[in-house]
1. Tell me the angle of helix B:351-380 to the major Cα principal axis of chain B, expressed in degrees between 0 and 90 and rounded to the nearest ten.
2. Dimensions of region B:196-246 along principal axes (Cα, Å, largest first)?
3. Would you list the P(r) distribution for region B:1-69, with all Cα-Cα distances sorted into 5 Å bins from 0 and each bin expressed as a whole %?
4. Averaged across B:211-223, how many Cβ atoms of other chains sit within 10 Å of each residue's Cβ atom?
5. For the protein assembly as shown, max minus min Cα coordinate along each principal axis, in Å, sorted largest first?
6. Do you know the relative contact order of region A:3-256, to the nearest whole percent, from alpha carbon pairs under 8 angstrom that are 6+ apart?
7. How many percent of DSSP beta bridges within region A:3-256 run antiparallel, rounded to 5?
8. Tell me the volume per residue, in Å³, of the convex hull enclosing the alpha carbons of region A:128-217.
C-alpha cells in the first residue's frame, strides 16, 4: 500500500512539557483523515511536525516518502497547508497573495499563470481577484487560503481546523471542495472540532494529551466501543482516558445535576 | 539543502514593495520623516548663540555711550533694543526673560573716556540660567571691552605723540578650520545623516518582520519551501533601497537647502553609509527577532535611539564624557559613523584617516548581520 504518512513513535517536548507523546499511525495515499481532540491535545504540534516545520524530539516519520528530519524541504514543496488562524496578507489583493505563493513554490512564467487560473476557477474566486483580502468575509478568506495552498498541486493537503469560526454555508462549500479534491486523488489530513466533519473522513484519529488514543475508520471506532455516534465516543474517550481532567469533572457534574 | 531560488526571492521582494506601497505610515516614515527631522534638527538644534535680546540703561547719554551701544550691536551677539531707566526695570526684563543681558552705562561714562588716564566703568548683567548663552554673552562683551580699551588707549597714546606704543606687543592670529563660521548647522547636518538613517531604517525593518509574526502570516510562510536566506534578503533589500532614498533626500536637503557642502568625496560617503546601513538593518532584524508586537519593536527602537543621541557624540562631545559613558557610547555603530561622516563632510578627509572607524563599522556589520541572520533562521525553524 502506498503510504502518504507513516509515523512511528513521534515525540515532541518543549522543555519539560511533552506536547506529543509517541504517536504512530499510517495513512494510505488518497484518503481523508481527521484529527479530533480537545484544544491543547497536541493536534497542531503533531501537524507541524508532519509539515517539517517542527523537529520531533524522538521517533521518525515519513511524509510522501520523505523523512521529516532530513528532507523537510522536499515535503514542504509537495504539501499544501492551511492553518487555523487566517494567515494571508490582508493588505494585498487576492491575486497578489496568489502571485506571492506561486513564486514561493517556485512557479513562474506560463506555468504559474496556468496554475493560478486553474485554482481561481476551481475555488470560484474569479470575481474576487482584485479585491483586498481585508475586505473579504471569513468564509471567503478561508477559500483564498485554500487556493494559495493548492497552487502547486500538492499531493497532501494539511488543514488545521480550517472551518473554525466559518458560517455553516461556507463550511459546507468548503467541505464539498475537500471531498472533491480527495476524489481526484489528493490525500487530506484535517483537524476539526466538528463531529459531522469528522464523520465524513475515511480515517479518524483521536488525539488526547499528546497521545493518539484511537485510530481507524469512523464506523470501526463506533463499533469497537459500541457507541451510537461520534459525540458519545468522544466524550467516552475523555472520561476514560483522563479522569482528573477538569473538563471531565465538569462533564460529570453536569451529568448528575 | 536546496539552492538559492531567484523565483522565491523575487516573490518576497515584490510582496514587500507592495506592502510598503500600501502602508502609508511606512511611506511617510521613509520619506517625510528624514526631511522633517532634518528641518527640525537643522533649525532647532542650533547651539549658535547670537542676537540675544539686551536691555540698556544709558545714564551717560553721550556720543561715546551711543557709540559703545552701536559696537555692542555690531558684535552680532547682542541686540541692544530695549532702553530703560533704573535697576527695577532691568530686573523686570531679566526676570521675565524679555532680555538675557543688561548693559548699565554710568553717568560719568563719556567723561571718564575723554579724561586723560580716566577709566570708564560698564556693568553687564547676564542671565546665567543657560550656561551656554551666558558664556557666549560674557565672552562677547569681554572681547568687546578689550578691543574698545585698546582702541581708546591707542588714541590716547597717539595724542601724546608716542607712536611706538600703538603697536601691540603680542598678536595672536586665530584661524578656524573646517567650519570657519563656527556654525553648528555645519556640524549637525552631516551627523543627521547617521541619526536619521538609524532611526528610520531600524524601525521600518523591525516593523516589517514583526508584523508578519503579529498577524500570523509567518506561520503560513514557514510551511512553504522558502529558505531563510531568500526570505531575509527579500525582506531587507527594500529597506536598503529606502535607506538610499532617505540618504539621497538628506544629502540633497543638506546641500541645497542648508547649503552644507561636503568637503570630501560623496562616493566614499555613500559607500561607507552602505556599510552603516547594514549594521542598522541587522539591528532592526535583531529587534524583530525579540519583539512579538510592533509596539514592542517601537519601544525597543527607542531604547536604541535615545542613548545613541546622547552618547554617540551627536550633541555632546565624547572627549569630555566620563570613561564609563565613553565606553557605552562605543557600543553604538552610530558613534563611528558620525566620525566618518563628519570627517568627510567637514574635513574632506579620505580613508587614510577614516580606516579605523571604517574597520570598526565593518566589524559591527559582520557581527550584527551574523547574529541577526542566525536568530532569524532559528526563529523560522
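1. The angle comes out at about 40 degrees.
2. Largest first, region B:196-246 extends 36, 21, 11 Å along its Cα principal axes.
3. 3, 11, 10, 9, 8, 7, 7, 7, 6, 5, 5, 4, 4, 3, 3, 3, 2, 1, 0
4. For this peptide, the per-residue mean of nearby foreign Cβ atoms is 6.
5. Taking the Cα atoms of the protein assembly as shown, the three principal extents are 131, 61, 49 Å.
6. For region A:3-256, the relative contact order is 25 percent.
7. Approximately 55 percent, going by the DSSP bridge assignments.
8. 119
The numbers here are math on the coordinates, done by the rules we state, and not lab data. Every value quoted in this text rests on a predicted model; they were computed, and no experiment measured them. Cβ: placed from backbone, ideal geometry, glycine included. Neighbour counts: every protein chain shown.
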